[in-house]
1. In this structure, is residue 559 within 28 Å of the chain's Cα centre (by Cα), at pLDDT 95 or above and either at negative phi or part of a strand (DSSP E or B) (or both)?
2. Please work out which residue is modelled with the lowest pLDDT, limiting yourself to the stretch 20-51 and to residues that are open to solvent by 20 Å² or more (accessible area, probe 1.4 Å) and assigned to a strand (DSSP E or B).
3. Restrict the check to the stretch 298-310 and report whether at least one residue is part of a strand (DSSP E or B) and among the small types (Gly, Ala, Ser).
4. Out of the residues in the stretch 543-573 that are within 30 Å of residue 590 (Cα to Cα) and of a type in the set (A, V, I, L, M, F, W, C), state the one that is most open to solvent (accessible area, probe 1.4 Å).
5. Could you please let me know if residue 417 is of a type in the set (Ser, Thr, Tyr), open to solvent by 10 Å² or more (accessible area, probe 1.4 Å), out of contact with any helix residue (DSSP H, G or I) (no Cβ under 8 Å at 6 or more places or on another chain) and at pLDDT 95 or above?
6. Within the stretch 231-247, how many residues turn out to be open to solvent by 20 Å² or more (accessible area, probe 1.4 Å) and either at pLDDT below 95 or under 17 Å from the mean Cα position of the chain (by Cα) (or both)?
7. Would you point out the residue of the stretch 284-331, among those that are free of Cβ contacts under 8 Å to residues at least 24 places away in the same chain and among the small types (Gly, Ala, Ser), that is least open to solvent (accessible area, probe 1.4 Å)?
8. Considering only residues that are over 23 Å from the mean Cα position of the chain (by Cα), open to solvent by 10 Å² or more (accessible area, probe 1.4 Å) and touching a residue at least 60 places away in the same chain (Cβ under 8 Å), which ones fall in the stretch 609-622?
Amino acid sequence: RGMVWVNSGGNNADGGYYRHAARVIGDRVAFGPDGDSTFLKFKGCVALAGVRWANDWDLPAGQRTDYDAYLWESPDGNPAGGSVVQSSERRQRLGASPIEHLPDERCPAADNSLYLELRVRAGSPDGDVIEILDYRNGMASFTQAPYSSAVSLVDSKEPGVIAVGAIDPPAGGTIARYSGQGPTNDGRIVPDLVAPAGFVSVASKFFAGTSASAAVVSGAIALVLAAPLAVEPLAAGDFVRQSVIDRGAPGPDNVYGNGELRLPPPPTAIAPTPARFRALDVPRRLLDSRAGGAPPVQRGDITKLPVVGRDGIPSVGVTAVAVNLITIAPDRASWMQALPTNRAALGAFSNVNVDTAGQIRSNFAIVPVGDGGTISLYSTGTGHVVVDALGWFEAAPGATAGGRFVPLATAQRVLDTRGDPPVAPISSGTTRAIPMPAGVPAAEVAALVLTITAASPSGHGWLQAYPADRPDVIATTSNLNTAPLAAVANTVIVPVGSTGAAVTGAFDGGGSSHVVVDVVGYITSSTAAASGSGRMVAVRPGRALDTRSSIGTLVNNQTVDVDPSSAPGVVVPATATGVIWNLTMANAHRPGWARAWAAGTTEPTTSSLNWTFVGEIRAASTVSSIAGGRVRVRVVGGTQSQPVGDLVADVFGYFT
């Protein structure tokens with residue numbers, strides 16, 4: 001339901017938790033690892049949270065073991081000599097969950113003791129693991145700390161549930177002796193994290209236990225949502241899970257979880273500093289999570305990626321980086337975002353979308369640099385991630401010659417292998433030159449800003465634009481990834497080198513793909529005249545349009561004007577010449593395409609975003625011209641006024 005649920009991890013690690021494989025003598029459970037005692041003796045008072053067995057929760061009712069629970073009060077040392085004072089006889093074979101409840105707190109009379117008896121009513125106990133929780137201090141034998149974080153909600157696989165353990169005393173940095181510990185019965189790590197407990201508060205004069213630490217985490221989530229460093233509860237929960245100091249054994253463990261909660265400082269604004277683009281001589285791979293056989297990046301992970309001071313990117317003066325993002329075979333329909341660390345909100349926008357498990361999708365992004373010279377990657381699916389750097393933006397507060405973006409008056413299609421001779425798709429390992437657009441002073445061009453589209457690819461593969469004089473970089477990185485027959489587009493900033501630019505590719509089975517290249521503008525070289533226009537200003541990334549929550553599904557040939565300043569906290573001046581977008585078609589009703597251009601100017605014949613299949617969710621980064629603070633987008637698919645799908649527009653920056 002879109003909630004995040006913060007739950008105390010339980011206070012049963014200190015002698016309050018029993019766990020053992022079921023052993024049965026006759027129709028009674030025998031307690032402990034050996035022996036024939038079918039009564040579990042308590043010392044003093046008990047408050048049993050329940051008796052459950054871990055093996056049967058996912059079984060149909062007809063396959064569950066049916067136990068009944070009885071609490072006896074008897075003369076000390078003679079358990080069968082007393083009487084039953086509480087019982088629970090739920091019928092698991094009729095659909096009851098595998099747990100028996102003895103909810104009342106009970107204290108024995110003088111010279112008496114309390115004993116627990118479990119009887120097998122039906123079914124086989126083979127494989128059952130008996131668990132008993134006591135909220136008082138009556139458990140006398142066979143207790144343990146592992147698995148003691150056994151409150152039912154804490155066992156949940158639902159990512160919206162956060163289990164919290166306790167640091168007590170609050171400034172000590174060590175786990176409280178009572179704090180429930182993992183793993184869960186199916187082997188997952190709990191708690192998720194730990195937080196202070198055992199402190200004086202206004203509401204409760206002294207607040208201890210994992211109930212106190214859960215309250216601390218709840219407050220932290222409220223702060224994260226208010227900052228905002230997340231725009232919805234699940235993302236806020238993911239944020240606090242990873243806002244920790246590692247404690248105990250290195251990495252996540254079943255005592256401290258991910259670590260002790262430590263929120264970062266309140267976010268600082270992204271400075272509106274104009275910057276010029278500096279292309280790397282060749283793209284550099286900043287991250288490949290597959291390296292060394294590493295496991296996939298998990299759902300909800302926030303991967304902080306250092307980007308400054310490495311791989312040719314300087315350590316000072318960097319305002320943003322231009323990267324290509326690839327998500328590889330996530331386990332579910334999901335999305336990934338790249339954001340300035342601790343300076344933008346999780347869930348406020350997306351960069352790459354996959355609509356079914358197992359897809360490989362890529363997209364270009366310009367990402368402002370965040371805390372510590374890093375960007376962060378956040379994904380709602382589990383899969384591998386690759387990040388390639390194309391260049392960076394260097395602060396340029398005054399007029400500059402090189403590194404400025406100059407939009408073409410009208411975007412130009414310079415290559416279409418479906419019609420330009422020789423009319424043939426690009427086969428694996430072959431190349432085609434990318435012509436220079438007409439009317440452009442070639443000597444003043446350092447790099448072209450392109451939209452490359454793969455049309456009717458034969459199979460899975462990739463396309464790469466590269467400086468034609470650097471064939472040595474072929475296959476070291478990629479710009480877009482293909483799937484059979486799927487049209488896909490992506491933005492590329494490619495240096496032209498001494499002999500221009502070219503495009504190549506590789507496809508399964510030595511296949512091929514038609515390729516369309518549209519030029520939307522260029523990056524100036526040092527020989528251009530100095531000017532203040534065309535410098536990039538990074539903004540806090542955000543969503544400027546989502547027709548799902550505004551004007552509704554767009555129909556064939558419909559246009560919509562988008563104001564980038566509609567995104568929260570974003571101000572794009574009317575004098576801006578271009579905008580950096582991520583455009584997404586969601587819930588496609590039919591194949592189609594979209595183009596973006598400056599509102600009120602001549603509409604080009606190019607495209608910015610392509611999709612192929614019904615139900616597809618497809619994103620494409622777009623650098624578009626802008627006029628009067630507005631960009632116009634046309635969607636095309638079907639005939640007449642047939643519905644096409646929903647359009648989402650996220651903004652990342654603008655050009656002066």
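1. The answer is no for residue 559.
2. The qualifying residue modelled with the lowest pLDDT is 49.
3. From the stretch 298-310, those part of a strand (DSSP E or B) are 302-306, 310; that's our starting set.
Those still in the list that are among the small types (Gly, Ala, Ser) too: none.
Within the stretch 298-310 (the criterion being part of a strand (DSSP E or B) and among the small types (Gly, Ala, Ser)), the answer is no, since none of the residues qualifies.
4. Checking each candidate, the answer is 551.
5. Values: of a type in the set (Ser, Thr, Tyr): yes; open to solvent by 10 Å² or more (accessible area, probe 1.4 Å): no; out of contact with any helix residue (DSSP H, G or I) (no Cβ under 8 Å at 6 or more places or on another chain): yes; at pLDDT 95 or above: yes.
For residue 417, the condition - of a type in the set (Ser, Thr, Tyr), open to solvent by 10 Å² or more (accessible area, probe 1.4 Å), out of contact with any helix residue (DSSP H, G or I) (no Cβ under 8 Å at 6 or more places or on another chain) and at pLDDT 95 or above - is not met.
6. Residues of the stretch 231-247 that are open to solvent by 20 Å² or more (accessible area, probe 1.4 Å), as a first pass: 231-234, 241-242, 244-247.
Now restrict to residues that are either at pLDDT below 95 or under 17 Å from the mean Cα position of the chain (by Cα) (or both): 231-234, 241-242.
So the answer is 6.
7. If we take residues in the stretch 284-331 being free of Cβ contacts under 8 Å to residues at least 24 places away in the same chain and among the small types (Gly, Ala, Ser), then 294 is least open to solvent (accessible area, probe 1.4 Å).
8. From the stretch 609-622, those over 23 Å from the mean Cα position of the chain (by Cα) are 609-614; that's our starting set.
Restricting the remaining residues to those that are open to solvent by 10 Å² or more (accessible area, probe 1.4 Å) gives 610, 612-614.
Residues satisfying the conditions are 610, 612, 613.
The values are calculated or read from the model by the stated rules, or taken from the named source; none is laboratory data. The structure presented is a predicted model; accordingly, all values stated were derived computationally and were not measured. With ideal geometry, Cβ positions are generated from the backbone for all residues, glycine too; neighbour counts draw on all protein chains shown. Ligands, DNA and RNA are stripped out before the accessible areas are found, and what is left, the full protein with its side chains, is counted by its heavy atoms. Shrake-Rupley method; radii C 1.70, N 1.55, O 1.52, S 1.80 Å.
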